Amino acid sequence: QVQLVESGGGLVQAGGSLRLSCVASGTFFRLNLMAWYRQAPGKQRELVADITSRGITTYADSVKGRFTISRDNSKNTVYLQMNSLKPEDTAVYYCNAQMISAYWGQGTQVTVSS
């Protein structure tokens, strides 16, 4: 059983930066694949980035070169550093943990103004 709590969302101007955090708690030995997804109004949830327990990362084409996913296994925390934000990045960002089952956080709102 895993509980995920995201934080760090907010309102920023285009070109600004935000750092999202996701803290996992519950009964588990190790977090396996961790990921950030996002969902904008009227659109399907999409994968933004993921990171394996060994630190291997994958990014959506739309965020390559701007976003960086990282994790601190000792703190059971995954981060998403978002730079050069664009209005099209506006969405609710969700943390995901892949164990035997998939677990989701409640999401944190990111709004990027022009």
Checklist outcome for this item: Simple spin-label estimate for Q81/T57, 7 Å along Cα→Cβ, in nm, reads 0.8 nm
Item to check | Descending principal axes extents, the chain, alpha-carbon based, whole Å | outcome: 43, 25, 22
Item to check | Amide H partners (placed H, <5 Å) of K86, local residues excluded | outcome: G15
Checklist entry - Rank F67, F28 by accessible area, highest first, at a 1.4 Å probe radius? => result F28, F67
Next on the checklist: If I model a spin label as a point 7 Å beyond the Cα along the Cα-Cβ vector, how far apart are those points for W104 and Q39 in nm?
Outcome noted: 0.4 nm
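The values are calculated or read from the model by the stated rules, or taken from the named source; none is laboratory data. Only a predicted model underlies this, so the values are computations on that prediction, with no experimental measurement involved. Because the Cβ atoms are built from the backbone with ideal geometry, glycine has one as well, and the counts that use them run over all protein chains shown. Keep in mind that these areas ignore ligands, DNA and RNA; they rest on the heavy atoms of the full protein, side chains included. Shrake-Rupley method; radii C 1.70, N 1.55, O 1.52, S 1.80 Å.
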